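Below: the structure, in structure tokens.
The values are calculated or read from the model by the stated rules, or taken from the named source; none is laboratory data. Quick caveat, the model's predicted, so the values are computed rather than measured. Glycine also receives a Cβ, built like all others from the backbone with ideal geometry; neighbour counts cover every protein chain displayed. The accessibility values were calculated without ligands, DNA or RNA, using every heavy atom of the protein model including side chains. Shrake-Rupley method; radii C 1.70, N 1.55, O 1.52, S 1.80 Å.
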Amino acid sequence: MSLSSEVRVGLFAIAGVTVLTTTAVVLGGNPFASKKQYFHTTISNVRGVAERTQVRASGVQVGEVTSVDILQDGARINFSVDGNLKIPKGSFIEIKSRGILGDVYIEIVRNSSGIGYMKSGDMMPRNPESNDIEALMTNLNNIARDIKKITGSLSNVLGTKEGENSIRKIVDNIEGMTSD
């Protein structure tokens with residue numbers, strides 16, 4: 001029994017589509033089985049978080065920011081994570097910097113003592129005590145301002161003729177005490 005050329009072309013096309021589909025699923029994952037969980041948080045300052053910003057858990061990328069919406073008193077960050085990731089209740093996020101250049105990502109800090117798991121659509125709070133490069137730079141800036149105030153005060157007190165005379169008297173008194 002001989003197959004007509006139309007049937008052979010049809011079988012070849014079906015085989016080709018099957019091979020291409022299998023290759024796409026193996027290399028890119030099954031798009032139909034890709035389940036994601038969606039969460040959001042509300043903060044006053046997004047500090048560089050934008051669409052497609054990485055979301056990490058334990059340092060591993062598990063998702064990305066899907067959108068950032070401006071609100072009356074801040075912003076809402078919507079993000080998706082891998083559907084297989086279990087996030088215990090009581091977990092929170094931190095906005096972290098990768099360095100002083102300003103690259104940021106969202107870190108999910110999972111609560112190891114949480115009972116039950118968060119479900120898709122839940123709000124994940126932000127850790128108000130999170131420390132990162134930006135917080136460190138802000139603290140250093142505040143310290144530098146305080147030091148500047150102190151040196152300004154010392155300059156006002158000691159930078160005049162009276163201050164110079166006071167220092168001379170202090171040094172003379174110290175020399176007198178040490179010679180005795």
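Direction-averaged projected area, Cα convex hull, the chain: 24.0 nm², rounded to one decimal. Computed over protein heavy atoms with a 1.4 Å probe, the accessible surface of the chain works out to 72 Å² per residue.
Considering only GluC sites (Glu not before Pro) in DSSP loops that have at most 13 other Cβ atoms within 10 Å, the longest stretch of the chain without any of them is 52-128. Across VAL68, VAL104, VAL60, mean-square fluctuation computed from a Gaussian network of the chain (C-alpha pairs under 10 Å connected) peaks at VAL60. Counting protein heavy atoms only, the stretch 33-180 has 53 percent of its accessible area on carbon and sulfur, 1.4 angstrom probe.
Given the pairs LYS35/LYS86; LYS35/LYS89; LYS35/LYS119; LYS148/LYS169, which are separated by over 24 angstrom at their Cα positions? From the list (LYS35/LYS86; LYS35/LYS89; LYS35/LYS119; LYS148/LYS169), the Cα-Cα distance tops 24 Å for LYS148/LYS169.
Comparing ARG47, ARG76, ARG145 in a Gaussian network model of the chain (Cα springs below 10 Å), the most mobile by mean-square fluctuation is ARG145. So what's the angle, to the nearest 10 degrees on a 0 to 90 scale, between helix 5-28 and the longest Cα principal axis of the chain? Once rounded, one gets 20 degrees.
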